[in-house]
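Engineer: What follows is a structure written as structure tokens; I'll ask about it next.
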Amino acid sequence: MMGFLWFWLVAVMIVGYVVLDGFDLGVGVLHLFLVRTEEDRRATLASIGPVWDGNEVWLLAGGGTLYFAFPLLYASAFSGFYLPLMIVLWLLVLRGISLELRNHIDVGVWRALLDGVFGLSSALLAVFFGAALANVLRGVPLQDDGYFFLPLWTNWQPGPHPGILDWYTIIGGLVALIALTLHGALWLTIKATGELAHRARRIVGPLCLQLAAVTVVSLAATIHVRHASLDNYFNYPFTCVVPVGVVASLAGIWLFNRSPQRPQPVKAFLCSCFYLFFMLAGACWGLYPTLLPATTGPDRDITLAKAISGPHTLAVGLAWWSFGMALAIAYIVFVYTRFKGKVDLGSAAH
Amino acid sequence: MTAELIHRLHFAFTITFHYLFPQLTMGLGLLIVVIKSVALRTGSEQWDRAARFWGRIFGINFVFGVVTGIPMEFEFGTNWARFSRLSGGVIGQPLAMEGVFSFFLESAFLGLFLYGEKRISKWMHWFAAFMVFVGSWISGFFIIVTDAWMQHPVAFERLPNGQFQVLSFWQLLLNPWALLQYAHNMTGAVVTGSFVMAATGAFYLLEERMENYARIFLKVGVVAGLVSTILIIFPTGDLHGKYVARNQPAAIAGMEGLFKTENGAGMVLIGQPNEETGQIDNPIVVNDLLSFLIYGTTKAEVKGLDQIPRDQWPTALPLLYYAYHIMAGLGTWFVLLMIVSAFLLWRKRLYTSRWALWALLLSFPLPYIANTAGWMTAELGRQPWLIYGLMRTSEGYSSTVSASNGLFTLLGFMGLYTLLAILFTVLIYREISNGPEPKTVEAEAVHAD
């Protein structure tokens, strides 16, 4: 019971991270090609300026929660995914620095450089996060002692000894890149004004179609790579509401963004949140109760029962976690309401 | 180079670089609250501008602290997997608590403090500054709790699979080691904040610019500096040292370079420990002082390294000894400098005493060195243990991550952090040369938000 609970609490933290940091990563990607003027850039960056750092906290809080609830999984996965995680860390460093520092020096070359770094690191992070999830779904070559080490690539095939990158995980990266870019575009339709908002709205349609296409491909590929992903859905047919939710969310994005008289950007954005939620929850449900499948034989899978912390640790953790997250959500709601509405450049610069 | 050494260097390098930023933000967080409080009470626009100026410095440091802090949480898993697997149930908790209780709060209110001054009332802006200070100090607390458990494990049991499990939440948080270390460490952060503020004031006065602000900075910096440099030695350093001596005799013997057990042990002020001969070369020693400082009597016995099995000696003995002596020596200089400066301030002669201003200006890097040396003392003193007395460092690093892969990413971090160091220096230099005075009314409007 504690295992089931903590599995989903960690999943909620991951969803929280992807939904929140997802839009500022997406805004970062769009920043490469959607903006035309310095005014546009300032508005784009100001739309995420006060919140991106708080969004990234979800990654840290989620990582910490994973650490104490499933220490075996944390130890195995973090050391096994050593190289890509280090690259992710470097990208996070570059992204944070370039976002925060561009406005400190008013020199064209400096800004152009940091804008480029910010956009590229955002795009690469989206790809890496998608590929990371795909690696977990595909499985890793776990040894008997519960550890593994993945090279960045081997023969690009998801076999018993795959690399971080193969054709399947690249599809995962692509899904994440398109989904988060779309998510960011929808955020801009809420926050931006004028021509910029208009361009953001126009790009939503094509992105939505591309996303639908890669989503279907990725689902088929997942079933091909790991048949067991379907077991839970067959055993509990009502959970097929998850794929239905994915389709409905995509349709929702399309419709709320399209409706010609009054586009409803907030509703479209919420649909995108639901899309990310259903995709991630669906992936977690496809794994449950496995946490990290082994490509070297199912008896080496890291399962919930193997990885869960001691009962007392979990009981102590649950008490402070519930209290702390309730507080955290209160701050987050407070900040988002303070900065709600369209970006006002006069008061948003620093 | 062995994998163990590489993983140790990896963590040591990234954490040392990281801690250059939080030690300033934690100290400055408190001083900004002080300045904001004066501004609120007196309604002085000058003090408000001073607070905004330090808010900008804080903001830059905060960003560097955040981006260099994220790798730290990951490295427990990436580089220290075997340690994390066994201890995650205990030390994963304070690390996760830091995220949940501190980072959400800090990021929310910092956004409000830096970007939202025009959207909220004066009181609310003061409150935002206060919450940023509280958030940064909570963050420090959870990190200290994590470290303290590795130094002095409490409130745990071992499960059949070898994993550690927390037995009491409150005992984990109220670990006596953690409370002493926290008091000492946070005082150290205030020392850094005060010295940086006072040095900035001294810089402006010597440059004959921004003199009104310079006086504010010197006043706040010197008063906070006097209080914190005294507190860092007594009682926080004194109590912490006594606690280390009782619980980690090998660490204290290594710190003091005490090879032989002595009744009435002396304190070595200067000298180089020689591991081969078991002596201090070129020593200057104050007789009986060490016994007195630890036990309150000049004749008490202090355990030397001769009573500790060789395989439990701190692994980098000379470095431990030097780190401790650098910290203690600089601490002594800080108190002297601040007593003299505070006296001059009281006699209203500080602003015109150029020699004192020069001394304050040139001393600003020293608290960074002292804080770093203090942390090195704590962590090197714990060796060869990762969890004191329970798990050796050689049993904790990730066995699947080879020395070569570790070196690859260590070099990557070195390159990246060199770049960050250059960017940071340029930006801080720019903020300080611009100063707190807005150039035009328009610039003021932009900065205020």
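The values are calculated or read from the model by the stated rules, or taken from the named source; none is laboratory data. Fair warning: this is a prediction, and the values are worked out from it, not measured in the lab. All Cβ positions, glycine included, derive from the backbone under ideal geometry; neighbour counts span all protein chains shown.
Engineer: Specify which of the listed residues (A:TRP156, A:TRP187) is at pLDDT 90 or above and more than 14 Å from chain B (Cβ to nearest Cβ).
Structural biologist: Exactly one residue qualifies, and that residue is A:TRP187.
Engineer: Right, here's the next one. Just one of A:ILE223, A:ILE302 is over 26 Å from A:LEU180 (Cα atoms) and modelled with pLDDT under 95; which is it?
Structural biologist: Answer to the selection: A:ILE302.
Engineer: Same structure again: Which residues, counting only those in region B:152-199, are hydrophobic (A, V, I, L, M, F, W, C), under 15 Å from the mean Cα position of the chain (by Cα) and within 28 Å of A:THR313 (Cα to Cα)?
Structural biologist: B:ALA178, B:LEU179, B:LEU180, B:ALA183
Engineer: Further question on the same structure: Select from region A:328-350 the residues that are within 16 Å of A:VAL57 (Cβ to Cβ) and within 7 Å of chain B (Cβ to nearest Cβ) and write down the one among them that is modelled with the highest pLDDT.
Structural biologist: A:ALA328
Engineer: Within region A:85-121, take every residue that is charged (D, E, K, R) and more than 17 Å from the chain's Cα centre (by Cα) and give me the one that is modelled with the highest pLDDT.
Structural biologist: A:ASP115
Engineer: From the set of residues in region B:54-82 that are of a type in the set (Phe, Trp, Tyr) and assigned to a helix (DSSP H, G or I), which is surrounded by the fewest Cβ atoms within 10 Å (Cβ to Cβ)?
Structural biologist: Applying the filter and picking the extreme gives B:PHE74.
Engineer: A further question on this structure: If we scan region A:44-56, do we find a residue that is in contact with a strand residue (DSSP E or B) (Cβ under 9 Å, 6 or more places away or on another chain), in contact (Cβ under 8 Å) with a residue 60 or more places away in the chain and within 12 Å of chain B (Cβ to nearest Cβ)?
Structural biologist: no
Engineer: What do you reckon, is A:ILE203 assigned to a helix (DSSP H, G or I) and touching a Ser or Thr at 6+ places or on another chain (Cβ under 7 Å)?
Structural biologist: Spelling it out, it is not the case that A:ILE203 is assigned to a helix (DSSP H, G or I) and touching a Ser or Thr at 6+ places or on another chain (Cβ under 7 Å).
Engineer: Follow-up. Only one of (1) buried (at least 19 other Cβ atoms within 10 Å of the Cβ); (2) at pLDDT below 95; (3) of a type in the set (S, T, N, Q) fails for B:SER433. Which number is that?
Structural biologist: So the condition that B:SER433 fails would be (1).
Engineer: Can you find a residue in region A:191-198 that is touching a helix residue (DSSP H, G or I) at 6+ places or on another chain (Cβ under 7 Å), among the basic types (Lys, Arg) and part of a helix (DSSP H, G or I)?
Structural biologist: No: region A:191-198 contains no residue that is touching a helix residue (DSSP H, G or I) at 6+ places or on another chain (Cβ under 7 Å), among the basic types (Lys, Arg) and part of a helix (DSSP H, G or I).
Engineer: Also, quick follow-up: Would you confirm, using the coordinates I've provided, whether B:LEU410 is more than 26 Å from A:PRO71 (Cβ to Cβ) and either modelled with pLDDT of 95 or more or surrounded by 20 or more Cβ atoms within 10 Å (Cβ to Cβ) (or both)?
Structural biologist: Criteria not met by B:LEU410.
Engineer: Also: Working carefully through the options B:SER121, B:SER102, find the one that is under 26 Å from the mean Cα position of the chain (by Cα) and polar (S, T, N, Q).
Structural biologist: B:SER102
Engineer: Answer with yes or no whether B:ALA129 is part of a helix (DSSP H, G or I), over 21 Å from B:GLN151 (Cα atoms) and more than 7 Å from chain A (Cβ to nearest Cβ).
Structural biologist: Criteria met by B:ALA129.
Engineer: Please indicate, with yes or no, whether at least one residue in region B:151-158 is part of a helix (DSSP H, G or I) and either more than 30 Å from B:LEU419 (Cα to Cα) or in contact (Cβ under 8 Å) with a residue 12 or more places away in the chain (or both).
Structural biologist: yes
Engineer: Filter region A:278-303 for residues that are touching a strand residue (DSSP E or B) at 6+ places or on another chain (Cβ under 6 Å) and not in a loop (DSSP other than H, G, I, E, B); which is farthest from the other protein chains (Cβ to nearest Cβ)?
Structural biologist: A:THR290
Engineer: Let me ask something else. Any idea how many residues of region B:160-208 are surrounded by fewer than 20 Cβ atoms within 10 Å (Cβ to Cβ), in contact (Cβ under 8 Å) with a residue 24 or more places away in the chain and part of a loop (DSSP other than H, G, I, E, B)?
Structural biologist: 1
Engineer: Let me ask another. Among B:ALA342, B:ALA359, B:ALA323, B:ALA370, which is the only one that is without any contact (Cβ under 8 Å) to a residue 24 or more places away in the chain and within 24 Å of the chain's Cα centre (by Cα)?
Structural biologist: One residue alone meets the criteria, B:ALA359.
Engineer: Could you pull out the residue among A:ALA131, A:ALA126, A:ALA75 that is at pLDDT 90 or above, at the interface with another protein chain (Cβ under 8 Å from one of its Cβ atoms) and surrounded by 21 or more Cβ atoms within 10 Å (Cβ to Cβ)?
Structural biologist: One residue alone meets the criteria, A:ALA75.
Engineer: Still on this structure, I have one more. Mind counting the residues in region B:255-278 that are more than 31 Å from the chain's Cα centre (by Cα), modelled with pLDDT of 90 or more and outside any loop (DSSP other than H, G, I, E, B)?
Structural biologist: Of the residues in that region, 0 qualify.
Engineer: Suppose we filter A:ILE178, A:ILE170 for residues that are modelled with pLDDT of 90 or more, surrounded by fewer than 19 Cβ atoms within 10 Å (Cβ to Cβ) and in a helix (DSSP H, G or I); which single one remains?
Structural biologist: Answer to the check: A:ILE170.
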